[in-house]
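Let me begin by presenting the structure, written as structure tokens, before commenting on it.
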Amino acid sequence: MVPTVKWCVQVAVQTPAHSALGQTLSYESDVELAPGTLLRVPLGRRDVLGVAWSSAPVASPPAADGATADGAIALRPVAAVLDALPALNAPWCELVAFAARYYQRGLGEVALAALPPQLRDLSTVQLARRLKRQRPAAAPVPAADGRPDAALGSHHAAPSPTVEQAQALAGMAAGPGPFLLFGSTGSGKTEVYLRSVAALLEHAPAAQALVMVPEINLTPQLEARFRERFAPRFGADAVVSLHSGMTNPQRLASWLAAHSGAARIVLGTRMAVFASMPALALIVVDEEHDPSYKQQEGARYSARDLAVWRGRREGAKVLLGSATPSLESWQQSRPADGADPGGRYTRLLMPSRIDAAPVANDAAARSGAAAGAGALPEVRLVDMNLQPPKTVLSGALLEAIGERIARGEQSLIFLNRRGYAPVLACGDCGWKSECPHCSAYRVFHKIDRTLRCHHCGFTERVPRACPACGNPDIAPVGRGTERLEEHLGELFAAIRRADGSAVRIARIDADSTRKQGALEQQLAAVHAGDVDVLVGTQMIAKGHDFRRVTLVAAVNPDGALFSSDFRAPERLFGLLMQSAGRAGRDAAYLAAKGSTAQMWIQTHHPQHPLFAALRRHDYPAFAQQELAERRAAGMPPFAFQALVRADARAQEAAQAFLNAFAEQASALEGADRVVRYPAVPLAIQRVANVERAQMLLESPSRAALQRFLAEGQPLLHALRRTPEGKGVIRWLVDVDPQAI
Ligand code: ADP
Ligand code: ZN
Ligand code: ZN
């Protein structure tokens, strides 16, 4: 018999996390399949989606008994090739492989999670039908007078760049990057993103740009700005979004548009870093410091870090932007100094808010943009030690809010705690609303009179009396956004707006926005001026370009000052600066109202150095001090960390597993370069009756830590099957963890 050549294809498929299966599975194919080809392959009794990773010829045909001539087990054949789709390109495959390796997860798990969910369910026929509906990339509408700007501005004037914006853009054009755009809130960073994308699209006929934002709730506003700017020239289909708030069919459509090259601009949240973009030439990461760029389940990847990696691999420029950069990026972009050659990133500076002088040209005048000085808000600290006991909002703050109501301006009040009260308690016997399944209190939600656990979701109606002693007088302790909203209603009940109507108070948090479309509606009401005082969690602190807000207040930020997490001050500083950035964004509006922008902070620790830097809007001073402390303590960015976490029914079991790992791991090569701290319970130790423990690993060398983790994986797998692994429900590795 003449041996026919068959191909053995390695295929990445979704396999259960930490299953003992290899990185890819082998299948047989009659033809060679290019790496990145999408397939359907049998797995168990189902056909599943897979990605071809490599293929090699096998000469001998399988014998009738299912074994090949050389005794190997016969491979199952590939079920179908989705050849209506071009294969995923090599850089995409490398990105996925790198992410899997670096974050210690399965290749198939990462690859499949990076594809739109609906792709898994479509047959080749359905897919072909879907692709027919796709439109090819539209040819750009020629610029009216040959100047690209003229076309871009034909419908909605693109403002001329300010001097600082022009310098930042020139800086980007002059070097390879990556770039860190350090620009104040309201300095016009978004305009720099728009212009850098425009410059790219104008000069490279097929090039694609990826623009990432941290939160879904920021995508609609950004999408509107990009669409307004680019649709007139490149067509409405040139801009697509990619985030988890979309339906599966929407996500698939966006993904296909990006994959085919029809979409020139992809806007999205962290998941978009894995978008298949064959002509990717620019990646923008807005608010690059934001913790939500770190995925917190499955493969715990940092989309910002992957963006930098991907940009370097694909030769795409990377632009990270923030008013309060992560200390990692700040350190990485430090200028050369003496013997220090400086960081790998190029720092671009935009210290000023948008201001009239440098943009006094026609386009800006037509669009009515900016007049008067756009100063950053004045920061006022209220020493809560000097307030009467139980003060929630100080008299001076209430007065300032009242003045704004009278002038028809808006105020934002932040409290990072939703619900009515964090605890319900009995004054007689000391009972508290603990969650029976977690080491946490259940939060009192007055709206539907429930006690809700924010960790496991366990919800019950509020008891009529204390469940322990029968005392009918159980009372809320502490304050969440719901209660603050109620309190404000009472305080302003007697106050009237200029037209004699009642003060309008609204709240935006995870509870108020649960319904589809609710957030958009609530934000629209704020933008339309239908709200006087808005109460909310950090959901409203970030990114929004509110034009009539002139006062922002943080009523109780102290918790983060003394947290055990070393990143807490960095996060608090960022959040407060971002919040302050919501006030007084429209200089012309402030001037017209004769108002000033203010940020109020109520604190028991007004002397804290963090607030001193905040008052001066001095991120560099804050960063310098934090970095000095981190350097002295040998913490990131001067060291690299990973967490190994174990979940078990009993805390001892979880810790024993981790400690056994640490002991065995001491034999690993390079173990002397990795510090292993003893296993400890997580801050919230028990969730849904599962005990959680973690072990911190730290090394001055990223490579040493990576090697250690790679060699540690088999140890952890093996440990699971020993007595030390008994009772362990799951374990996971978190590389570059955001919270310790
Ligand atoms: P950031 O993202 O830095 O907080 P934005 O990009 O949202 O700031 O810009 C703040 C405001 O200034 C926006 O309303 C924007 O339209 C406006 N703006 C930005 N650049 C210019 C410019 N060159 N001329 C006039 N207005 C501008
Ligand atoms: Zn009681
Ligand atoms: Zn619970």
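What follows draws every value from the coordinates through simple rules; no lab data is involved. Keep in mind it's a predicted model, so treat the numbers as computed, not measured. Here the Cβ is made from the backbone with ideal geometry for all residues, glycine too, and neighbour counts use every protein chain on show.
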Inset, instruction - For the range 190-203, just list the computed ³J(HN,Hα) in residue order, Karplus coefficients 6.51, -1.76 and 1.60, θ = phi - 60°, integers in Hz, with x standing in for Gly and Pro. - result: 4, 4, 5, 4, 4, 6, 5, 5, 4, 4, 5, 5, 5, 9
Inset, instruction - Return the long-range amide H neighbours of Leu412 (sequence gap of 5 or more, or a different chain), with a cut-off of under 5 Å between placed amide H atoms. - result: Leu534, Leu551, Val552, Ala553
Inset, instruction - Above 38 angstrom, tally the Cα pairs of the chain and express them as a % of all pairs, no decimals. - result: 46
Legend entry - Cross-link partners of Lys515 among lysines (Cα-Cα below 29 Å; sequence separation of 8 or more within a chain): Lys294, Lys446, Lys542
Legend entry - Order by protection proxy (mean Cβ within 10 Å, highest first), peptides 207-217, 534-544, 165-175: 207-217, 534-544, 165-175
Inset, instruction - Tell me the label-point distance for the pair Ala710, Ala528, using the 7 Å Cα-to-Cβ offset, in nm and rounded to one decimal. - result: 5.7
Legend entry - Contact order relative to length of the range 645-740, as percent, for alpha carbon pairs under 8 angstrom and 6 or more apart: 41
Inset, instruction - Report the Stokes-Einstein translational diffusion coefficient (µm² s⁻¹, integer) for the range 586-740, Rh taken as the Kirkwood radius over Cα pairs, at 37 °C with viscosity 0.692 mPa s. - result: 177
Legend entry - Computed magnitude of the charge dipole of the chain (debye, nearest 20; Cβ of K, R +1, Cβ of D, E -1): 980
Legend entry - Whichever aspartates and glutamates have a C-alpha closer than 15 Å to that of Lys432, once near sequence neighbours (fewer than 8 apart) are set aside: Glu460, Asp473
Legend entry - Computed [θ] at 222 nm, deg cm²/dmol, the chain (DSSP H ≥ 4; -39,500 (n - 2.57); rounded to nearest 500): -9000 deg cm²/dmol
Legend entry - Reachable aspartates and glutamates from Lys726, criterion Cα separation under 18 angstrom, eight or more residues apart if same chain: Asp647, Glu652, Glu663, Glu691
Inset, instruction - With a bin width of 10 angstrom, please list the P(r) values of the range 495-580 as percents of all Cα-Cα pairs, from the 0 bin to the one holding the largest distance. - result: 14, 42, 30, 12, 2
Inset, instruction - Could I get the Rg over Rh figure for the range 252-326? Both from C-alpha atoms, Rh via Kirkwood, rounded to two places. - result: 0.96
Inset, instruction - Highest first, please rank the peptides 426-432, 30-36, 181-187 by the mean number of other Cβ atoms sitting within 10 Å of their residues. - result: 181-187, 30-36, 426-432
Legend entry - Relative packing of 256-265, 622-631, which averages over residues the other C-beta atoms within 10 Å, highest first: 256-265, 622-631
